[in-house]
Amino acid sequence: MQVVHLHYPINLQRVAKNPLVLAMGFFDGVHRGHQAVIQRAKQEADYRKLPLAVLTYDKFPGIVYQSIPGRFHYLTTLERKVELLEQLGVDLVYVMDFTSHLGALRPQEFVDDILLKMHVKVVVAGFDHTYGDHQVATMERLTSFAQGRFEVVTVDKFTDDQSSEKISSTRIRQAIDEGLVEQANELLGYHYQTHGIVVHGFARGRTIGFPTANVQWNIDERLPAVGVYAVRFRVNQVWYQGMASVGYNVTFGDNHEKTIEVFLFDFNDQIYGEQVTVEWVQRLRGEIKFAGVEELVAQLQQDEVDSREILAN
Ligand SMILES: Cc1cc2nc3c(=O)[nH]c(=O)nc-3n(C[C@H](O)[C@H](O)[C@H](O)COP(=O)(O)O)c2cc1C
Ligand SMILES: Nc1ncnc2c1ncn2[C@@H]1O[C@H](COP(=O)(O)OP(=O)(O)O)[C@@H](O)[C@H]1O
């Protein structure tokens, strides 16, 4: 799969010369709703024997439209999004820089200056996708902006099995913020992940029988709420089971920065500096300030029993 970065106005040298099917959206999380859009686009592409491209953006469009308090945290960084899109059979990803100029394009300009320059034969997106002014740049009106030059396929609202609520990145971000990783996993259709490298901590874990890999996570990624979780952990292409704490080591009271610490079961190796993936499987509890180390260790022993049972299923 190829990834091409574009800036508006687009450089024609950088776009594919041949016709293609294009799915468009920001696709943060590449959740089950997004997967339905991409799969539908894939069907259209296969049927017509055309390549499947995705048009997405380098940053959350809200950053340009409004002032977001603090830094925006993503369900998927571009790297992870591209990986998930590749798994869905996408051939080419266009990553447009989202800027004020791009955001201010009139829908007809968006169609003429971007979509047509990409030689689109079919454009596929979700029912509520907009490519400009929310009142005007709707999927319903995309057909008239297309003026017969390409087909438009709109994919219906994809809902949860339990409720009729739309599966949305916003809902999943809220679930992650509340530590409801099982709910997030259900909506995503895969286990939520965090990526980072292993760094040094206070070297205390080994003294209490629970050495922990401290994960310095990618700053753009959205982290589950403070608490304790059963996890899977990948290092050097191998998956291990373990339990993770997101928090401040409140019992010791000397850690003022949030950390991710992972104790791995049946593991004994030095992995400082390694690139790792934490896969959040289930939330066990919140962070507790214990009266002392003994109480903390007793709880960790119980957490290990609980996590092993969860992960065995
Ligand atoms: C699964 C797990 C759960 C934890 N739960 C708590 C907790 O509830 N309260 C707390 O103060 N520390 C908790 N910790 C953090 C330990 O205090 C920490 O691992 C210990 O301080 C050693 O870390 P260090 O070697 O980086 O200093 C937890 C750690 C793990 C791995
Ligand atoms: N079972 C294990 N789980 C996690 N880390 C382990 C394990 N066994 C060995 N290690 C290693 O020990 C380190 C953690 O030791 P620890 O005493 O908690 O020190 P620190 O938190 O300062 O790194 C990890 O980064 C890893 O390299």
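The values are calculated or read from the model by the stated rules, or taken from the named source; none is laboratory data. Please read these numbers as outputs of a predicted model, since none were measured by experiment. For neighbour counting, all protein chains shown are included, and Cβ atoms are generated from backbone atoms with ideal geometry for every residue, glycine included.
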The listed residue being farther than 17 Å from L296 by Cα and crowded, with 18+ Cβ neighbours inside 10 Å, out of V276, V238, V262: V276
Members of the range 140-168 that are touching a strand residue (DSSP E or B) at 6+ places or on another chain (Cβ under 9 Å) and small (G, A, S): A146
Flag for T143 being within 16 Å of ligand 1 (Cβ to nearest atom), outside any loop (DSSP other than H, G, I, E, B) and surrounded by fewer than 17 Cβ atoms within 10 Å (Cβ to Cβ): no
Residue match in the range 24-36 (condition: outside any strand (DSSP E or B), closer than 21 Å to T159 by Cα and among the aromatic types (F, W, Y)): yes
Count of the range 247-282 residues which are closer than 17 Å to Q193 by Cα and of a type in the set (D, E): 3
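Table: residues versus (1) under 25 Å from H191 (Cα atoms); (2) over 27 Å from the mean Cα position of the chain (by Cα); (3) assigned to a strand (DSSP E or B); (4) within 7 Å of ligand 1 (Cβ to nearest atom).
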{"position": "F252", "(1), (2), (3), (4)": "no, yes, no, yes"}
{"position": "I260", "(1), (2), (3), (4)": "yes, no, yes, no"}
{"position": "V281", "(1), (2), (3), (4)": "yes, no, yes, no"}
{"position": "E295", "(1), (2), (3), (4)": "no, yes, no, no"}
Options A203, A225, A230; residue that is in the same structural domain as V281 (by TED's automatic domain parsing) and either surrounded by fewer than 16 Cβ atoms within 10 Å (Cβ to Cβ) or within 8 Å of ligand 2 (Cβ to nearest atom) (or both): A203
Residue, farthest from Q299 (Cα to Cα), within the range 208-217, restricted to residues that are of a type outside the set (A, V, I, L, M, F, W, C) and within 7 Å of ligand 2 (Cβ to nearest atom): N214
Filter pass, M118 being among the aliphatic types (A, V, I, L, M), touching a Leu at 6+ places or on another chain (Cβ under 7 Å), under 30 Å from R48 (Cβ atoms) and outside the structural domain of I260 (by TED's automatic domain parsing): yes
Which numbered condition V124 misses (of (1) at pLDDT 95 or above; (2) touching a Pro at 6+ places or on another chain (Cβ under 6 Å)): (2)
Selection count where residues are under 19 Å from R285 (Cα atoms) and among the β-branched types (V, I, T), scope the range 205-260: 9
Flag if I288 is assigned by TED's automatic domain parsing to the domain that holds N236 and more than 16 Å from I197 (Cβ to Cβ): yes
Selected residue (only one of I271, I288 is among the hydrophobic types (A, V, I, L, M, F, W, C) and closer than 20 Å to R234 by Cβ): I271
Filter pass, G126 being within 30 Å of Q282 (Cβ to Cβ), assigned by TED's automatic domain parsing to the domain that holds Y57 and surrounded by 15 or more Cβ atoms within 10 Å (Cβ to Cβ): yes
Per-region count, the range 201-230, residues closer than 26 Å to L180 by Cα, of a type in the set (A, V, I, L, M) and within 8 Å of ligand 1 (Cβ to nearest atom): 1
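Give F233, F267, F252 a once-over and let me know the one that is over 25 Å from E182 (Cα atoms) and modelled with pLDDT of 95 or more. Walk me through how you get there before you give the answer.
Details: F233 fails: over 25 Å from E182 (Cα atoms); F252 fails: modelled with pLDDT of 95 or more.
Residue meeting the stated conditions: F267.
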Cross-chain or 6+ apart pairs with Cβ under 6 Å, the range 185-209 first and free of Cβ contacts under 8 Å to residues at least 60 places away in the same chain, then part of a loop (DSSP other than H, G, I, E, B): G205/P211; G205/T212
Those residues of the range 297-313 which are closer than 30 Å to T77 by Cα, surrounded by fewer than 16 Cβ atoms within 10 Å (Cβ to Cβ) and either near ligand 1 (Cβ under 9 Å from one of its atoms) or not hydrophobic (A, V, I, L, M, F, W, C) (or both), in sequence order: R308, N313
